[in-house]
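*Asks:* Provided herewith is a single structure, encoded as structure tokens, for subsequent inquiry.
Derivation of every value follows stated rules applied to the coordinates shown; laboratory data play no part. Just so we're clear, the structure is a prediction, and the values are computed from it rather than from any experiment. Ideal geometry is used to build each Cβ from the backbone, glycine not excepted, and the neighbour counts take in all protein chains shown.
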Amino acid sequence: MSRQPRLNIADGVYHVTQRCLERRRIVVDDADRREWLRLLHRHATQCGWRVFAYALLDNHFHIFLRTPQPNLSVGMHAFESGYVTLFNKRHQRVGPLFQGRFGAVLVEFESHARVLRRYVHLNPGFG
């Protein structure tokens, strides 16, 4: 069965999530966190994204953003592959880091956006 194509729309608001393989760690230390943030900033700027909120946890992340152009897939691919390359080099490892494609839910209503913003900000406290 083929996978569903991504919904990439101009002026789309998304909740993006990604999880590490086998619940391993995406970040090991503060240097990894800084690299993840630096790359998120770089690709968000290049793609023209507006990041409303993010949560970077040890084994997964959430990003709440708006894409003025239909470029979510292209931008996320560049962001994730760039981070994996740096992470693998720094930690002397090879192979994939993430368990598959990132998840993206289109946020269509302001009420959903308010709840999501709160959820993303509070997510690190959930455990």
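*Asks:* Gaussian network model of the chain, Cα springs within a sub-10 Å range: biggest mean-square fluctuation belongs to which of LEU57, LEU86, LEU65?
*Replies:* Comparing LEU57, LEU86, LEU65 in the GNM, the peak value goes to LEU86.
*Asks:* What's the exposure ranking of TYR14, TYR54, TYR119, going from fewest to most Cβ atoms within 10 Å?
*Replies:* TYR119, TYR54, TYR14
*Asks:* Moving on. What residues of the range 28-52 lie in the reach of a label at ARG90, counting those whose backbone N is under 18 Å from a point 7 Å from the Cα along Cα→Cβ?
*Replies:* Answer for the range 28-52: 28-44.
*Asks:* Same structure, new question: Just add up the charged neighbours of PHE102: K/R +1, D/E -1, any other residue whose Cβ is under 11 Å from the Cβ of PHE102.
*Replies:* Around PHE102, the charge tally is +2.
*Asks:* So how tilted is helix 30-47 from the main axis of the chain? Cα-based, degrees 0 to 90, rounded to 10.
*Replies:* 40
*Asks:* Quick check: the angle from helix 72-90's long axis to the longest principal axis of the chain, C-alpha only, nearest 10 degrees?
*Replies:* So the helix axis and the longest Cα principal axis differ by about 20 degrees.
*Asks:* Hey, another quick one. From the backbone phi of the range 106-123, what are the Karplus-calculated ³J(HN,Hα) couplings (6.51 cos²θ - 1.76 cosθ + 1.60, θ = phi - 60°) in whole Hz, Gly and Pro given as x?
*Replies:* For the range 106-123, the Karplus-derived couplings read 6, 9, 9, 10, 4, 5, 5, 4, 5, 5, 5, 4, 5, 4, 5, 5, 8, 3 Hz, x marking Gly and Pro.
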